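I have placed the structure first, in the form of structure tokens, so that the comments after it can refer back to it.
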Amino acid sequence: MVDFDREVDVLVVGTGAAGFATALGAVDDGLSVLMVESTAKWGGNSAKSGGGMWLPNNPLMRADRVADSREEALAYLEATVGTEGRASSRERKEAFVDGVADFVDTARKHGMTFVRAPEYADYYPERPGGKIGRGIEHTPYDVRKIGAWWKTSQAPAAMPVLTDDVWLLGRAWSTPSGFRRGAKLVLRALGGILTGRKLAGIGAGLTASFLRAVVIDNKAELWLNSPLEDLIVRDGHVVGARIGHEGRTLAIRARRGVMLAGGGFDANKQWRRRYHGIDGNPSGAPGNLGRPIEIAMAAGAAVELMDDAWWGASVAPTSVTEPSFIVGERSFPYTVIVDAKETASPTSPSPTSTSATTCSNTTGTAPTG
């Protein structure tokens, strides 16, 4: 028999977008929530990301009268994802597509404001059901609204940039359309400064708004430096977890469930070698060591797609810089990316030879970008 130190309705392990979305749904139902983060910074890879969310047939598209449908979204998922085990079953695809409107409406109910990225294409728009403009993102958010929490965000900086800005900003001095987009960004930033706001876009703004809605407005608890140590299982059911917190191990009972949203294992070199066959230089959150996955596996959880990831090129770190993820550089006109190697590595996930590879394990839900 376990003597529990605390009881909550829902325990959420991890503070990225997947964890916050779970917590938001729980507090919207009037449930008590405790979120735990293993590191001193919350937000995970989501806070460092582009913050875009691929949400087909979403309410913003319908409001703009942009054609999309459940059938087209499912056709696209079948054409691109296929069925690679239970993680990508037809039932899960349908649950995802059918849950889009509820997520968007719930988030907006709690003060989150979204905008479409009308120029952001599906990754494979030429496939059946593919489209341009399904992505949505949070509008640039004033991080002053979360007070001291901003100091512990995993986000690298507060910039009022949107995902549709990125592909044109690199052409700000070479094309009229790029110059106009650059001017809009400058005016957006100046507008924030003149009105006393500190605006953050992309993943930084998304996670900051999530924190305000979940932790500040709805009084969910968030513990930093509080790693998951073990799951508490009774009669084959997870009923809670042991969490390291302030020098102690606390047994937390979760009356309604435990959500493991602790990220992938991009910072775990041993696992990258085991499952991906590479070392790489990941650009993600350093706390993504795969510990929640390891603990779940020890409790009997099934895992899939451990050999896959969301791949992208990055520049290896130097003595004074961290790994740098290459995003806009890949789309600049007349650009060729090279490194010191004569040929691409045979284990590389793409034919492009680059100096390093970053990966984010895709065992959970996360924003694109």
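Key figures
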| read-out | value |
| --- | --- |
| Length gained when the stretch Ala299-Leu224 is fully extended (0.36 nm per residue, less Cα-Cα span) | 24.6 nm |
| More than 15 Å apart - percent of Cα-Cα pairs taken over segment 74-126 | 61 |
| Solvent-accessible surface ranking, highest first, for Thr163, Thr249 at 1.4 angstrom | Thr249, Thr163 |
| Listed peptides 132-140, 117-125 by packing density, highest first (mean Cβ within 10 Å) | 132-140, 117-125 |
| Probe 1.4 Å, protein heavy atoms only - accessible area per residue of the chain in square angstrom | 51 |
| The chain - percent of accessible surface contributed by carbon and sulfur, probe 1.4 Å | 54 |
| Those residues of segment 1-44 whose amide nitrogen sits under 14 Å from the label point placed on Arg234, 7 Å along Cα→Cβ | 1-9 |
| Rounded Å value of the spacing that divides the Cα centres of segment 1-75 and segment 263-331 | 21 |
| Förster radius 22 Å - calculated FRET efficiency between Asp308 and Ser331 (Cβ-Cβ, nearest 0.05) | 0.40 |
| Over segment 31-182: Kirkwood hydrodynamic radius from C-alpha pairwise inverse distances, Å | 17.8 |
| Global form of segment 271-330, assessed from the alpha-carbon gyration tensor, a/c cut-off 1.5 | prolate |
| Which of Phe20, Phe332 is most accessible, then next, and so on - probe 1.4 Å | Phe332, Phe20 |
| Mean Cβ neighbour count within 10 Å, used as a protection proxy, ranking 217-227, 34-44 highest first | 34-44, 217-227 |
| Residues whose placed amide H lies under 5 Å from that of Gly52, excluding near-sequence neighbours | Thr368 |
| Estimated FRET transfer efficiency (Arg273, Ser89; beta-carbon r; R0 45 Å; 0.05) | 0.95 |
| Given Lys48/Lys269; Lys93/Lys341; Lys131/Lys341; Lys41/Lys198; Lys41/Lys219; Lys151/Lys341, the pairs whose alpha carbons are separated by over 30 Å | Lys93/Lys341; Lys131/Lys341; Lys151/Lys341 |
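The values are calculated or read from the model by the stated rules, or taken from the named source; none is laboratory data. Quick caveat, the model's predicted, so the values are computed rather than measured. Glycine gets a Cβ as well: all are built from the backbone with ideal geometry, and neighbour counts include every protein chain shown. Surface accessibility is based on the protein's heavy atoms, side chains included, excluding ligands, DNA and RNA. Shrake-Rupley method; radii C 1.70, N 1.55, O 1.52, S 1.80 Å.
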